[in-house]
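Worksheet: one structure, shown below.
The values are calculated or read from the model by the stated rules, or taken from the named source; none is laboratory data. A quick note: this is a predicted structure, and the numbers were derived from the prediction, not measured. Quick reminder, even Gly has a Cβ in these numbers, built from the backbone with ideal geometry, and neighbours come from all protein chains shown. These area figures cover heavy atoms from the full protein model, side chains too; ligands, DNA and RNA do not enter into them. Shrake-Rupley method; radii C 1.70, N 1.55, O 1.52, S 1.80 Å.
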There are 2 protein chains.
Amino acid sequence: MSEPQPGSETRSQSIPGSVGDVRRTNLALALTSIARAAPSGPITRAQLATATGLTKASISSLVLDLLTGGVVREVALEPRAERGRPGVGLEMNPGRAVVGMEINVDYIAAELVSLTRERLLCVKRFRDNRGSSAADVMADLAELVNTLLAEAADRGIAVIGGGLAVPGLIDQATSTVLTAPNLGWSGETLDARGLLPEARLGVTLLNEANAAALAEVRSRTGTAGPDFVFVSGEVGVGAGFVIAGSLFVGPAGHAGEIGHLVLEPEGLPCSCGGIGCLETIAGQDAILRAAGLADDPLETDMSRLLSALSSGESMAVAAVQRAATFLGMALVSTARLMGVSTVVLGGHFAVLAHWLVPPLFESMQRHAPGLIRADRVLLSSAGEGGAAFGCAGSVVQSLLDAPQFLIRPGPADVAEHP
Amino acid sequence: MSEPQPGSETRSQSIPGSVGDVRRTNLALALTSIARAAPSGPITRAQLATATGLTKASISSLVLDLLTGGVVREVALEPRAERGRPGVGLEMNPGRAVVGMEINVDYIAAELVSLTRERLLCVKRFRDNRGSSAADVMADLAELVNTLLAEAADRGIAVIGGGLAVPGLIDQATSTVLTAPNLGWSGETLDARGLLPEARLGVTLLNEANAAALAEVRSRTGTAGPDFVFVSGEVGVGAGFVIAGSLFVGPAGHAGEIGHLVLEPEGLPCSCGGIGCLETIAGQDAILRAAGLADDPLETDMSRLLSALSSGESMAVAAVQRAATFLGMALVSTARLMGVSTVVLGGHFAVLAHWLVPPLFESMQRHAPGLIRADRVLLSSAGEGGAAFGCAGSVVQSLLDAPQFLIRPGPADVAEHP
DNA sequence: TGAGTTAGTTTATGACCTGAACTATATAGC
DNA sequence: GCTATATAGTTCAGGTCATAAACTAACTCA
């Protein structure tokens, strides 16, 4: 029925290669090269040929497919005052876009993102989702997304796919949130596809920390590099591993549970049932409680903590220092296990950076001298909407990796919009 | 000069696909299917066609290549009392083999392993390598390997590749041991290739824990499954991550340093410069010291510890219990990060299993209830020679993945043995 | 001995990339 | 304005490879 979803590659190891695979590979190669050229403007077929190593003949044929599929378009190039026939520019079709969405503990958000990963439109609605039913939240999200879709339609932009980030354990295959302790969800199957019924590539469900990590790959120009650990400090503490520019999600897609690294054998009980997890020390609630600010309403907690820190309240400072010390231990442990040497701080860790980073770095130096250089501790650049943006980027990536889903009629793909 | 080495795939992301790639893919598919059939005997072309999904015509052509390359051979099949023309059996050529080698702290070892991963011949020599120069150890290893090669030649077996495991951080590209603290090596470039000058696939350098982890993938029939963490308890403590049946080695190949997970903020200083690492609690030396057996000569330490445990000496029992408790914390942390739920204990952890596993499991339950089931804590089956065997298996795997290196003349491949 | 059955090969076809020849379109110099 | 030159893109012959169908080979059963 639906085409194979991006990100759910379940090759059963016995798929023979056929000549058509070569086409798919090269289609992806050509499209990726066009996308990569985006910052410096459109690229010609001839440039594409040298960039990819394919012949001009092949490139012409591949580009024809991409053009008819509507993934790229031709644009006139301004004269360059060079000799010879001028080339025709090729760029990602600005009439196509993807939607990145996020459900978090205290807000829902959606973004319209172009195929060159530009944020075209962002909408966000504060909403205390703790304890709300998945259906209620999804209904509100659908409403939010519809405003985005209406605006996209006005601009003549077709939405071809989407991604939805949720702070919990995800099963992509069934579009199910296995557990999201901070939302109070477990085993909720979301109708993510229904949010974007017209999107040919469907809607992919992602873990919030993973999505936020992906947002870092492209948003900062090369600072983080292709290999890093992203720690997302929200109510829970999660990590996203980026290895060679792609997410590492482990066998079942659940890798990255850094919040439950055991750091204090005799510590506090954790929501996971364990004892002394990082989350009991460096989670948002844990810090607020240690700072003596636990009873405040949700939205104002972080700002109150910030002002307490600014005015030098000792409990607040101590709470953040303690969190930083243990976060440092967790990060060097993680870096050693994964073999990376760059960490990116997101969520409240980025917000608290001024007070957090010095003791964090000191702790890392103490427990693993030289492992992570001072200039390899980075702050998230995408900000709070990072997860939604990362989702969108992941959909774009899956398009670049497999453009054939938008080009070929595909098997059993008739009657798409009945 | 030499052909691209297996395991050093550095695709610069811009290699266009050509029709020839299809051939390579299918060659690998066919060979893998022949290898997979090995336990149940030779496989015919017709069976191969249905197993792979390729047509009989393609299989015939692929098999011809594999036959002329000497990777597989035809064997007569005993009559099956079925109707129709009998097929011709195909099996991995028993006239080809690989060599797995290991340099460890107190021994060197080498094994001759068939293409079906059978151990044909094992040699081992005890040797205190602490502080020995790399050149000295390599010279002794070469001598050991030569006895193996002589025997292989006698049996008419050609060695086509090898792997060498070293307990340290490896740079495969340059065949260099970056650091091996327990050997006292750093920055030693080994002439691994020189150990097997006639082997067309060369010699791959591997980390000891990674190699031992690989040994577990195939040696036990499916017990460990395709996803697990292997913890190797040697003088150092290392881990190998197997994800979907393959090693996860991280961006630079250094992933798995579980021995330096930080578990005790105020613990003992570690050889890595840090404080409170797992190795300072559960490393061989740490346990022996805590058991009050630190001054004994190297070879007898573990046996003395075992007898101390058997006679119930409280210091010994306490030392192992303490190591188990912290190992449990490290393992649940690792399992959470990597998203796996199976652990395999190797090295001295397997040797001490009787005393170690109960407190280990208790600790895991305490810190992550339900994460790792009791029947998902397994003991290494390959034993002490595991790393050498795992190396050999990895070479076999790289042959299965890329048989073209043994088949095609290859570019610039003239004058191989001048 | 011949019908039925399974194994493996041959042959025609189509998809695809390549390389070379070719067409198209610009600039530079006269 | 005309011609040489340079670059962009297309067309076409040729080679590799998998596929499907026809064909040959070898064995069993009756």
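Odds and ends about this structure:
- Residue list for region A:45-57, restricted to those being surrounded by 18 or more Cβ atoms within 10 Å (Cβ to Cβ) and either in the same structural domain as residue A:118 (by TED's automatic domain parsing) or not in a helix (DSSP H, G or I) (or both): A:54
- Matching residues, region A:25-34, being at the interface with chain B (Cβ under 8 Å from one of its Cβ atoms) and within 8 Å of DNA strand C (Cβ to nearest atom): A:25, A:26
- From the options B:400, B:356, residue that is outside the structural domain of residue B:315 (by TED's automatic domain parsing) and open to solvent by less than 10 Å² (accessible area, probe 1.4 Å): B:400
- Single residue of region B:250-275 satisfying the filter (aliphatic (A, V, I, L, M) and assigned to a loop (DSSP other than H, G, I, E, B)) that is farthest from residue B:331 (Cα to Cα): B:252
- Single residue of A:204, A:174 found to be more than 19 Å from the chain's Cα centre (by Cα) and more than 30 Å from residue A:373 (Cβ to Cβ): A:174
- Just one of the listed residues (A:308, A:350, A:294) is loosely packed, with under 15 Cβ neighbours inside 10 Å, over 24 Å from residue B:334 (Cβ atoms) and among the small types (Gly, Ala, Ser), and it is A:294.
- Residues (within 13 Å of DNA strand D (Cβ to nearest atom) and either of a type in the set (D, E, K, R) or open to solvent by 90 Å² or more (accessible area, probe 1.4 Å) (or both)) located in region B:69-85: B:76, B:78, B:79, B:80, B:81, B:82, B:83, B:85
- For region A:137-151, a residue qualifies if it is open to solvent by less than 50 Å² (accessible area, probe 1.4 Å) and charged (D, E, K, R), and exactly one does: A:140.
- Which numbered condition residue A:65 fails, given (1) acidic (Asp, Glu); (2) within 11 Å of DNA strand C (Cβ to nearest atom); (3) at pLDDT below 95: (3)
- Complete set of residues in region B:124-152 that are of a type in the set (Asp, Glu) and at pLDDT below 95: B:128
- Cross-chain or 6+ apart pairs with Cβ under 7 Å, region B:155-178 first and polar (S, T, N, Q), then buried (at least 24 other Cβ atoms within 10 Å of the Cβ): B:172/B:204; B:172/B:205; B:175/B:205
- Failed criterion for residue B:252 (all others in (1) surrounded by fewer than 22 Cβ atoms within 10 Å (Cβ to Cβ); (2) closer than 24 Å to residue B:285 by Cβ; (3) among the aliphatic types (A, V, I, L, M) hold): (2)
- Scanning region B:215-257 for residues that are out of contact with any Asp or Glu (no Cβ under 9 Å at 6 or more places or on another chain) and among the hydrophobic types (A, V, I, L, M, F, W, C) turns up B:215, B:217, B:229, B:231, B:247, B:248, B:249, B:255.
- Number of positions in region B:116-154 that are among the small types (Gly, Ala, Ser) and free of Cβ contacts under 8 Å to residues at least 40 places away in the same chain: 5
- Of the strands (runs of 3 or more DSSP E) that lie entirely inside region A:152-244, those containing 3 or more residues that are open to solvent by 50 Å² or more (accessible area, probe 1.4 Å) span A:185-189.
- Scoring residue A:374 on the criteria (1) away from every other protein chain (no Cβ under 14 Å); (2) buried (at least 19 other Cβ atoms within 10 Å of the Cβ) leaves a single failure, condition (2).
- Those residues of region A:258-288 which are in contact (Cβ under 8 Å) with a residue 60 or more places away in the chain, open to solvent by less than 10 Å² (accessible area, probe 1.4 Å) and within 10 Å of another protein chain (Cβ to nearest Cβ), in sequence order: A:258, A:261, A:263
- The residue that is least open to solvent (accessible area, probe 1.4 Å), among those in region A:107-136 that are more than 30 Å from residue A:39 (Cβ to Cβ) and out of contact with any strand residue (DSSP E or B) (no Cβ under 6 Å at 6 or more places or on another chain), is A:129.
- For region A:58-68, a tally of residues being surrounded by 15 or more Cβ atoms within 10 Å (Cβ to Cβ) and either farther than 17 Å from residue A:407 by Cβ or among the aliphatic types (A, V, I, L, M) (or both) returns 5.
- Residue check for residue A:113: β-branched (Val, Ile, Thr), more than 14 Å from chain B (Cβ to nearest Cβ) and either touching a residue at least 40 places away in the same chain (Cβ under 8 Å) or more than 12 Å from DNA strand D (Cβ to nearest atom) (or both): yes
- Enumerated helices (runs of 4 or more DSSP H) restricted to region A:276-349, each holding at least 2 residues that are over 30 Å from residue B:251 (Cβ atoms) and in the same structural domain as residue A:257 (by TED's automatic domain parsing): A:284-290, A:301-310, A:314-338
- Odd one out for residue B:328, checked against (1) more than 9 Å from chain A (Cβ to nearest Cβ); (2) out of contact with any Gly (no Cβ under 7 Å at 6 or more places or on another chain): (1)
- Residue list for region B:335-344, restricted to those being touching a residue at least 24 places away in the same chain (Cβ under 8 Å) and surrounded by 24 or more Cβ atoms within 10 Å (Cβ to Cβ): B:335, B:336, B:338, B:340, B:343, B:344
- Out of A:130, A:117, sole residue that is part of a loop (DSSP other than H, G, I, E, B), within 21 Å of the chain's Cα centre (by Cα) and of a type in the set (Lys, Arg): A:117
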